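I have placed the structure first, in the form of structure tokens, so that the comments after it can refer back to it.
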Amino acid sequence: MASENQSHLNDLIQEVTTLLTDCKEEGEMILDRKATWEEEDTRYRKMQEDIKIEIERLLSVNNNWNEKISGDANPDKIDDSTLQEELKHVQEDKKVASKKFQDVSSSLKQAQEELEHIRIETEKIKSQIRDDIPTIVGKMKLYELMTQVKWTTSDTTDTTKGYVTEKGDIKPFSLDTKQNSQFFISNHIWDLMTPNW
């Protein structure tokens, strides 16, 4: 009977450790997605700025052209070769600007689609975590009642911390999850407990 209870308790401790590890991984995924979203947002803002600069440049070219035309009130003073060359430059600028605009528009559309995909995935993960939290909290409270193991938050995600309370005695533990296996952690916590049966 004692070994059966010990086995069940060991399974419970391993399940708690697994749940905490899963929550940590989901949190890291959310942080990764947030970083990706921030990168895409920065790229999107840069594209907007590039478009704005290109529009200002084209408006400047247009204003310069209008000033040249309006400055020459006498049509006989306008040189056809100068006009042809200016027209050629303006058409080239227009082609370059049009190509840049298409490239930026395409990149902007792609970035918006990626951002929307990331937003949807992040919402799915957040929803799943919100749905899982009551179950996890309930299990944790049940495990605490059964084992007298109290879990505490740690400064790093690589540390499992807490303490075992027993008959007025408090036995703390703090184990690095990268240096210790789940099996070792479970056994160590089990060793801190003395059976109440």
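The values are calculated or read from the model by the stated rules, or taken from the named source; none is laboratory data. These numbers were taken from a predicted model, which means no experiment stands behind them. Positions of Cβ are generated from backbone atoms using ideal geometry, with glycine treated the same way; all protein chains shown enter the neighbour counts.
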**Request:** Could you list, in sequence order, all residues of region 76-130 that are in contact (Cβ under 8 Å) with a residue 60 or more places away in the chain and more than 17 Å from Glu39 (Cβ to Cβ)?
**Result:** Ile125, Lys126, Gln128, Ile129
**Message:** Tell me whether region 96-113 contains one or more residues that are over 30 Å from Pro172 (Cα atoms) and of a type in the set (Phe, Trp, Tyr).
**Reply:** yes
**Message:** Can you tell me which of (1) of a type outside the set (A, V, I, L, M, F, W, C); (2) surrounded by 11 or more Cβ atoms within 10 Å (Cβ to Cβ); (3) within 31 Å of the chain's Cα centre (by Cα); (4) at pLDDT 85 or above is the one Ser154 doesn't meet?
**Reply:** (4)
**Message:** Could you go through region 170-182 and let me know if any residue there is among the charged types (D, E, K, R) and surrounded by 11 or more Cβ atoms within 10 Å (Cβ to Cβ).
**Reply:** yes
**Request:** Please specify each residue of region 66-106 satisfying the condition of being at pLDDT below 70 and either of a type in the set (Asp, Glu) or surrounded by 11 or more Cβ atoms within 10 Å (Cβ to Cβ) (or both).
**Result:** Lys68, Ile69, Asp72, Asp76, Ile78, Asp79
**Inter-residue pairs, beta-carbon under 8 Å, first within 16 Å of Asp169 (Cβ to Cβ) and in region 134-150, second among the acidic types (Asp, Glu) and outside any helix (DSSP H, G or I), 6+ apart** = Gln148/Glu166
**Asked** For Leu9, all conditions in the list (1) over 30 Å from Val164 (Cα atoms); (2) modelled with pLDDT under 70 hold save one; what is the number of the exception?
**Response** (1)
**Asked** If you take the residues in region 29-65 that are of a type in the set (S, T, N, Q) and within 30 Å of Glu85 (Cα to Cα), which one is modelled with the highest pLDDT?
**Response** Ser60
